[in-house]
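A quick write-up on the structure given underneath.
Laboratory data are not the source of any read-out in this text; all were calculated from the coordinates shown. Predicted, not measured: the structure shown is a model, and the values here were computed from it. Every residue, glycine among them, receives a Cβ derived from its backbone with ideal geometry; neighbour counts consider all protein chains shown.
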Ligand SMILES: [Zn+2]
């Protein structure tokens, strides 16, 4: 049997490919985009890159999410495996998702900026939830270790 004998549901999706990246590269991307585009547009571009990445990873991993309670267990585990940080979902329903991260890798990469800076992570979360729930979400970061706060806190709400 070759691939032509398999229908779409029988085909196994490839695993997500990884490459390890020093945090200085992520910092360099932030700095360069900010210099070229200005900080506000750079933040939007980085956020949108995160949205695309979040959508892609949900689609590529072909994961099913059976119920909201299971999601609050599965997703922090997944984020840990993806290396974006140690997260916990403190409130999860389909209208509002409240996520806390103690050690955002993006914030660590950027260091102290004096601003809430985890734009890639924010977009990534929005992209993931938009794909999982098949509704458009937007994410805002309401606390960030890059501006001296103790945690990065992300709130997702419907954007429809
Ligand atoms: Zn942050």
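The calculated FRET efficiency for residue 103 paired with residue 19, based on their beta-carbon distance and R0 = 22 Å, is about 0.60.
Computed extension length for residue 63-residue 48: 3.2 nm, one decimal, from 0.36 nm per residue of separation with the Cα-Cα distance subtracted.
Stretching the chain fully between residue 40 and residue 81 yields a gain of 11.7 nm (0.36 nm per residue, less the alpha carbon separation). In the range 24-158, the alpha-carbon atoms span a convex hull of 96 Å³ per residue. Our estimate of slack between residue 31 and residue 56, defined as 0.36 nm per intervening residue step minus the Cα-Cα distance, is 6.5 nm.
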